[in-house]
1. Short version: ³J(HN,Hα) in whole Hz for each residue of region 177-190, in order, from phi by Karplus 6.51 cos²θ - 1.76 cosθ + 1.60 (θ = phi - 60°), x for Gly and Pro, what are they?
2. When the Karplus curve 6.51 cos²θ - 1.76 cosθ + 1.60 is applied with θ = phi - 60°, which whole-Hz ³J(HN,Hα) does each residue of region 65-74 get, with x for Gly and Pro?
3. Given an 8 Å cut-off on Cα distances and at least 6 residues of separation, report the relative contact order of region 187-333 as a percent.
4. State, as an integer percentage, the relative contact order of the chain based on alpha-carbon contacts under 8 Å between residues 6 or more apart.
5. Where a Cα-Cα gap under 22 Å defines reach, which lysines qualify for Lys113, not counting those fewer than 8 residues away within the same chain?
6. Could you list Leu472, Leu130 so that the one with the fewest beta carbons within 10 Å of its beta carbon is first and the one with the most is last?
7. May I ask you to list the lysines whose Cα is less than 26 Å away from that of Lys298, ignoring any residue fewer than eight positions away on the same chain?
8. Taking each pair of distinct Cα atoms in the chain once, what is the resulting Kirkwood hydrodynamic radius in Å?
Amino acid sequence: MNSLDWTVLIAYFGVMVAIGVWSHKRVGDVSDYFTAGGRMPWWLSGISHHMSGYSAVMFTGYAGISYQYGITSYVTWALPIAIGVAIGARTFAPRLNRVRARLHVSSPLEYLKNRYNLTTQQALAWSGVLLKIVDVGAKWAAIATLLSVFTGVTITQGIVITGAITAVYCTVGGLWADALTELGQFVIQLVAGLAMLVAALHRLGGISSVWNVWDEPALHHHNHPTAGPYTTVFLISYLFIKTFEYNGGMWNQAQRYMATSSPREATRGAALSAALWFVWPVVLFFPMWISPLLVHAKKPDGSDSYGLLAQDLLPHGLLGLIVVGFFSHTMAMCSSDANAIAAVVTRDIAPAFSQRAREWTARIGLIAARITTLAFLGLSMAVATQVNSPTFKDIITVVIKWVAGLMGPIAIPFMLGLLPRFRKSGPTAALSSWALGLLAFYLVNYPINDAVSGGVNLEYQIALPLVVSLVLYIVVGWIRPEETDERNALIATINSPDLDGVEEGAPPAGSGSGPEEGPLRPAPAE
């Protein structure tokens, strides 16, 4: 990078901070901070939902998969997300919006105390927070790795720089700042991604290379949908996992659905995100698929291939814009996760342990939310320095094995608890699904993996915990149904479209984790 590239990068950081300061004026309470007060337009929600699903891992870990296996990176990652979000546009998006509007909550998990019980809510909250600390740590490590390729700064310095900038804007401006910076990041990545695509096509001889390039020996098998450890079983498993994860199972995407003004707007935002997932990753991935023709990766897994490609193909200025694109994706996801975790900690965990937290004023609650956001970012940055340790092995291992494998036990009780079909599944089903799903992850990744010659295949490492959790949630609910009038009333409140678009009155008693207690009742008719 030269002075022009650094100017682009520093200007980007300045714009992000300015957006955070501007967004600060729109944040008056925890509802504004965590769900934008339910005033976010559907198109901004959709773009924000889409952008919060990316990080620099795409340009390191998935660039390595593209370098080794070609289009498998899209077929087994972006495509399952696109299909999953399209499914969730009508299945989960409107229900999550009603959770905010009718139960008057600010955290995705607040409804779980009444849907199951306090123990279930706390189990899902604590395990999800711990998992996200590791997940976001991997994202910081990924962007720091790329930054070191371009600038020569150390991994630790890269982690501190990106984390500090993110902390400023997302702590000050809340979800509004996250969404508006994600909009700006989308525009930046649009320009940067198209620039890289045009440069790669130009180097290979023009637009005809899109269909002619696959005959090259270096791209042998690069046009196979599944390859290596990314098999058909892996693809099917990932489709289920990403359907839960990207429709709210890991909470930050749930906030985008909750932030819109109505269930219809939430559905439109989800549909926009799904369309972007179908199309935009193809543009980003194509240069990665053909990268073996242009560069020789220095790392065995090819995770440095995209960085080398950018240095080889792009002039200064555009190179700086590509680096900005790396930052934009990672900062979008990490700030999004930080806001979601702060919501869970301040609205779900703290009130369960502290009477004082249940009595916070709007001002104190907002201060607590900002402090929690900073604490989460600090912990995840500390974890980032250990991502390449023997415990985690490497970035892509954390993202695929840990996050995908552990997401199911945490997300299934939360997501399926919204649906009437699973009304019989109560606290016993939820806790059994959660606990034994986590146990399955441990067994298949450690004792069983160590005992099997050659280890357990990746697809089974990520699929088994999800299958165990899903089966137990359904079967235990059938064997030991725990329906109550209060739980049925809550489910009816979330699922009834009758009041969509109608202003609700005061929140039902016990709707959140605040001082109110008591059973939830359906929202009153108009």
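Computed from the coordinates by the stated procedures, all read-outs in this text should not be read as laboratory data. These figures come from a predicted structure and were not determined experimentally. Neighbour counts are summed over all protein chains in view; Cβ atoms, including those assigned to glycine, are modelled from backbone coordinates with ideal geometry.
1. These are the phi-based 3J(HN,Hα) values: 5, 4, 5, 6, 5, 5, 5, x, 5, 5, 5, 4, 5, 4 Hz.
2. Using θ = phi - 60°, the values come out as 5, 5, 4, 8, 10, x, 5, 3, 4, 7 Hz.
3. Details: 78 pairs, mean separation 55.5, N = 147.
Over region 187-333, the number comes to 38 percent.
4. Relative contact order here is 29 percent.
5. Lys132, Lys424
6. Values: Leu472 25, Leu130 13.
Placing the least packed residue first, the sequence is Leu130, Leu472.
7. Lys139, Lys393, Lys401
8. One decimal place: 23.2 Å for the Kirkwood radius.
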